[in-house]
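A short worksheet on the structure shown next.
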Amino acid sequence: MKVTFKIWRQKNAKAGGEFKSYDVEGLTEDMSFLEALDHLNEILVLQNEPVIAYEYDCREGICGQCGVFINGRAHGPHDNMTTCQLHMRSFTDGETIVVEPWRAKAFPVITDLVVDRSAFDRIIENGGYITAKTGTAPEANAILVGKEVADKAMDAAACIGCGACVATCKNASAALFTAAKINHLNSLPQGKQEADKRVLEMTWQMEEEGFGSCTFTGACEVECPEGISITNIAEMNARRAKAKWLG
Amino acid sequence: MLDSKIPEGPLENKWRNYQMKSQLINPANKKKLNIIVVGSGLAGAGAAATLAELGYDVQCFCYQDSARRAHSVAAQGGINAAKNYQHDGDSVWRMFHDTLKGGDFRSREANVYRLAELSAPLIDHYVQQGVPFAREYGGVLVNRSFGGVQVQRTFYARGQTGQQLLLAAYSQLYKMKRAKKVSMFARHEMLDLVVIDGKAKGIIARDLVTGQLKRFAADAVVLATGGYSRVFRLSTLAIGCNGSALWKAHKKGAYFAAPSFTQIHPTALPQTSEAQSKLTLMSESLRNDGRIWVPKKKGDARKANDIPEEERDYYLERRYPSFGNLAPRDIASRAAKERIDAGYGVGRLKNGVYLDFKHAMANFGMETIQDRYGNLFKMYNKITGVDAYKEPMQISPAAHFSMGGLWVDYELMTTVPGLYAIGECNFSDHGANRLGANSLLQASIDGYFVLPNTINNYLADALRENQPNTDHAAFELAENEVRRHIQKLLAVNGTQTIDHFHRELGKVMWQECAMSRNKEGLEKAIVQIQNIRTAFWNDVKVTGGFQEMNTELEKGLRMADFIELGLLMCTDALQRQESCGAHFREEYQTAEGEALRKDDDYSFVSAWAYDKGNFKLHKEILEFENVTPTVRSYK
């Protein structure tokens, strides 16, 4: 299999970037998309060129470190899938594949396809936790959580923090990411004590980081590898309004 | 002489006795003490957060862009705890015994007992942190079984238990970061340990964005850097997982224990091509309901669903009737290898076995199976394009967990005073084979409960010493060594890529030092790896520069250490002339092909010291006062 990769190259955060084309042969349909890039990098090394920087770690769709824009879509052509789970069988022989980094004001490019997503960490830092020091917990079954509640919390908690929701949103909004964490914790009895504070602080930080507002286009839930529903955002907004106006 | 510092008293009182006698530090003094934690998985994040809560000044490092990426995130199936919620005869003692036996009696009784003892409060902790564990309709916690045990003691959050526990630890950590009790250094990789007057006093790290080398001083250094099975190249681990921090510590004096004890996981997806970079794991929990089989006919070309029931060989159920598909991992992997090698493998490359849910779906209905394993089936479909609700999965053994690691005493301190190793990077509780769902457990127990209650016993004395300072000559020396090492690698300018050498090393390690080992093969492997090392340093090519983000350079530095680590692993496997757990020496097996342990000669932990490129063996004799080591039988 042979493809042409058109890849964004950018030396560092301050430098300008540009697309460069690479014709790559010797690929197979069973290769993952990232393995195809690995293959290209080996070719570049042997041609004495610096490798293309892109992110990955677990390569099984759970760590959230990988993520690039492929042919105009976050994580490539499929819905609800990470870049590392994408395989070359999803492309046709001879195809040109355009690869770009996430584009968002709050995710500055570091180099090539690598962006800085530390804004997500700072949102979590501002309330995305339950305050309970190690050693202070009561007996586990003393806190009952019904199956439906636990399942719903788990649906939201599944977020892998990849940033596809931001990258695909025309407003570069982090509403789905933020809502997922708020709803995970606020729907559980353990999270109730800090519920109002949490929703106010996390959403405040979200805006502080320069993410845009949500206009409910629904683009995010299509790309979210965990399929986290956009209804989470509505729920977050309701929780926020309640915390703000009713206290 | 290795002093494991096991406390006095009966097994069930040892931890309490230890805590009563260990030195304490008053809260005002704790903030004067700095602790470096390298790694941010369950062990590292749990330790860093808890130490910060206790009042210490903590610096935490990870090579990823955020602590939330650490590979604990990928553990699927669950975490064990002796809660006995299922009323099925579980207890701390039984969990202790299962773990010790599962490890084929090659771990320390006192450590294993403590692991079981602290498992129950750990579940309490995670529930309080908001981990959405699976629940019954009435609201209580659910359990399931894992390999090697006959009770239900595994807690889980769908097939994403590791993710949920890690996110809890990560958010607890970043809460402390916001409180300015933890300084977080993401995208930083430790490249050397700094030892002053025989004590660990800091690290040299490379900022992976700027390429700059930086010095960090501390009163104690904690390594929580995970496993090193990427030495096989193809493994279930994250691509960035590496053994470099351990290897640098080993070279600076920390003994490396049981380096060759590697768990080969029975249920990963089979390799499909040479270009493959990793083997995706399918959770062991699938063996609760899935049945493993191969065709009875050699090289049967029919599709799985076309092979009638009577022509299927459910070999685990046949060989191990009492544990069946839930036999421990080492046994299940070896049994798969035996069938594949004998020519019964399935799939395009004949390198897999079937994992079939047909019966489970007939018994419980598709909805139940979907509820239990939905995300795993989805993942399987994404990777292979196959619908496992309609035809069986194909699975194959893959390099997974490192039971081996830095040797630690009861306090989790290595042989370098002030240097601790926690989680997968130490050798402690799992012996020669780890039981499923004990990995998240051990990482968490080490990080949250043990280390924060042992490090004080060392740091109480550190208060009277000079504050560590990065201007010290030892930092200068270490930084210069690291710089020279990097420059040397960049200067080779040969003709082969790093991945080329990694593939070569991986092949040797998988062939000779994985599921089945023998003297001749290991001796050959040592020579082959020495040759790979020579070729690497003469012919590798690393492009890009030093003072910039250079992912190829990162890979190259890890690779250089993997080669040396591979040598030690083969040396260790060669030295141990017995079979135990995952270490199966072909010369030592029973007539039925089961592992033959030799307790008279090998009831010890092999702890290797580094001496200018040579390895010297030290032994920690294992004494069993509470349990009599028996022949491990799952028949």
>> With in a loop (DSSP other than H, G, I, E, B) and in contact (Cβ under 8 Å) with a residue 40 or more places away in the chain as the only criterion, which of B:E578, B:E587, B:E620 stands out?
In response: B:E587
> Across segment B:69-83, what is the total count of residues that are away from every other protein chain (no Cβ under 12 Å) and either part of a helix (DSSP H, G or I) or surrounded by fewer than 24 Cβ atoms within 10 Å (Cβ to Cβ) (or both)?
Replying inline: 1
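Evaluate the following for B:G593: is it outside any helix (DSSP H, G or I) and away from every other protein chain (no Cβ under 14 Å)?
Yes; evaluated as a whole, the condition is true for this residue.
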> For B:Q150, which of the numbered conditions (1) more than 11 Å from B:G78 (Cβ to Cβ); (2) in contact with a Leu (Cβ under 7 Å, 6 or more places away or on another chain); (3) modelled with pLDDT under 95 fails to hold?
Replying inline: (2)
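Mind counting the residues in segment B:22-40 that are touching a Gly at 6+ places or on another chain (Cβ under 6 Å) and surrounded by 22 or more Cβ atoms within 10 Å (Cβ to Cβ)? Walk me through how you get there before you give the answer.
Step one: of segment B:22-40, the residues touching a Gly at 6+ places or on another chain (Cβ under 6 Å) are B:27, B:30-31, B:37.
Still in the list and also surrounded by 22 or more Cβ atoms within 10 Å (Cβ to Cβ): B:37.
Residues flagged as touching a Gly at 6+ places or on another chain (Cβ under 6 Å) and surrounded by 22 or more Cβ atoms within 10 Å (Cβ to Cβ) within segment B:22-40 amount to 1.
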> With segment A:106-221 as the region, which helices (runs of 4 or more DSSP H) entirely inside it contain at least 3 residues that are within 14 Å of another protein chain (Cβ to nearest Cβ), touching a residue at least 60 places away in the same chain (Cβ under 8 Å) and over 15 Å from the mean Cα position of the chain (by Cα)?
Replying inline: A:195-208
>> Tell me which strands (runs of 3 or more DSSP E) are completely within segment B:376-475 and hold 2 or more residues being within 30 Å of B:R348 (Cβ to Cβ), or say none if there are none.
In response: B:393-402
> Within segment B:205-260, which residues are free of Cβ contacts under 8 Å to residues at least 40 places away in the same chain and of a type outside the set (A, V, I, L, M, F, W, C)?
Replying inline: B:D207, B:K214
>> I'd like the residue in segment A:7-42 that is in a helix (DSSP H, G or I) and at the interface with chain B (Cβ under 9 Å from one of its Cβ atoms) and, out of all such residues, is farthest from the chain's Cα centre (by Cα).
In response: A:E42
> Residues in segment B:104-134 that are surrounded by 23 or more Cβ atoms within 10 Å (Cβ to Cβ), of a type outside the set (V, I, T) and in a helix (DSSP H, G or I): how many?
Replying inline: 9
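Would you call A:L27 touching a residue at least 60 places away in the same chain (Cβ under 8 Å) and surrounded by fewer than 21 Cβ atoms within 10 Å (Cβ to Cβ)?
yes
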> Could you count how many residues in segment B:569-593 are aliphatic (A, V, I, L, M) and surrounded by 22 or more Cβ atoms within 10 Å (Cβ to Cβ)?
Replying inline: 3
> Hey, among the residues in segment B:1-42 that are polar (S, T, N, Q) and in a loop (DSSP other than H, G, I, E, B), which one's farthest from the chain's Cα centre (by Cα)?
Replying inline: B:N26
>> Can you pull out every residue in segment A:41-62 that is at pLDDT 95 or above and acidic (D, E)?
In response: A:E42, A:E49, A:E55, A:D57
> Which residues, counting only those in segment B:320-330, are surrounded by fewer than 19 Cβ atoms within 10 Å (Cβ to Cβ) and part of a helix (DSSP H, G or I)?
Replying inline: B:G324
>> Among the numbered criteria (1) surrounded by fewer than 24 Cβ atoms within 10 Å (Cβ to Cβ); (2) outside any loop (DSSP other than H, G, I, E, B), which one does B:L165 miss?
In response: (1)
> within 14 Å of chain A (Cβ to nearest Cβ), under 30 Å from B:G290 (Cβ atoms) and hydroxyl-bearing (S, T, Y) - does that describe any residue in segment B:162-180?
Replying inline: no
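The values are calculated or read from the model by the stated rules, or taken from the named source; none is laboratory data. Model, not experiment: these values are computed from the prediction. No Cβ is skipped: glycine too gets one built from the backbone with ideal geometry, and neighbour counts run over all protein chains shown.
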